[in-house]
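See structure below.
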Amino acid sequence: MAINDMLMYWPGRIKFAYSHDERQLVHWKEGRRRCHTNAFGSVGSLHTIEPCRVSGVHSWPYPTMGSSSLAACHVALSMGFDEVLLIGCPLDDTGHFYDPPQVKSNFMNEAPTDIWTKAHLEYFKGRVTSQSGRSREILSQS
């Protein structure tokens, strides 16, 4: 599952895509690099949280939790995935992969630690892990 604008850039097959912004999600799908679409086919189903005002985007009954990656974890588990591995979602202020090094993000504000910790302990229960950053620290707690 690709989250937000990553679905334009991921050099592989994408079966599912998620964003809080369902209108932008449709544009990101259409903006996917032609070489990726030619090699791996079109993007599969699009997902967001309720309310959804765009046809063709499946909506899930989750509240806005600040972080698209957090909501995407809930959606993936609800879709029946046994495990979720976050890659490129460090939840720190290092910026997006396409930003120059001096650009900082606001992920520390969008993804409060207490919300992630609660989801990890009460719902994810070890089924969600992360490769890097603050999300790895939170999701590796017992």
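The values are calculated or read from the model by the stated rules, or taken from the named source; none is laboratory data. Quick caveat, the model's predicted, so the values are computed rather than measured. All Cβ positions, glycine included, derive from the backbone under ideal geometry; neighbour counts span all protein chains shown.
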Note to self: Given the criterion modelled with pLDDT of 95 or more and either under 24 Å from Ala111 (Cα atoms) or out of contact with any His (no Cβ under 9 Å at 6 or more places or on another chain) (or both), identify the matching residue among Gly56, Gly66, Gly44.
What the structure shows: Gly44
Item checked: Within the range 35-50, tally of residues that are within 18 Å of Cys73 (Cα to Cα) and out of contact with any helix residue (DSSP H, G or I) (no Cβ under 6 Å at 6 or more places or on another chain) -> 3
Check: Does Met1 qualify as being at pLDDT below 90 and surrounded by 18 or more Cβ atoms within 10 Å (Cβ to Cβ)?
Finding: no
Next item on the list: Check the range 17-28 and report whether any residue there is small (Gly, Ala, Ser), within 16 Å of the chain's Cα centre (by Cα) and either closer than 12 Å to Ala2 by Cα or part of a loop (DSSP other than H, G, I, E, B) (or both).
Entry: yes
Item checked: Qualifying residues in the range 1-16 (those that are assigned to a helix (DSSP H, G or I) and touching a helix residue (DSSP H, G or I) at 6+ places or on another chain (Cβ under 7 Å)) - the one nearest to Val57 (Cα to Cα) -> Leu7
Notebook entry, point to check: Quick one: is His20 under 24 Å from Thr129 (Cα atoms) and either assigned by TED's automatic domain parsing to the domain that holds Arg127 or surrounded by fewer than 13 Cβ atoms within 10 Å (Cβ to Cβ) (or both)?
Noted result: no
Margin query: Within the range 9-17, does at least one residue satisfy the condition of being within 15 Å of Ser135 (Cβ to Cβ), of a type outside the set (Lys, Arg) and surrounded by 14 or more Cβ atoms within 10 Å (Cβ to Cβ)?
Written below: no
Item checked: All helices (runs of 4 or more DSSP H) inside the range 87-142 with 1 or more residues being hydroxyl-bearing (Ser, Thr, Tyr), without any contact (Cβ under 8 Å) to a residue 12 or more places away in the chain and surrounded by fewer than 15 Cβ atoms within 10 Å (Cβ to Cβ) -> none
Next item on the list: Evaluate the following for Phe81: is it within 15 Å of the chain's Cα centre (by Cα), in a loop (DSSP other than H, G, I, E, B) and at pLDDT below 95?
Entry: no
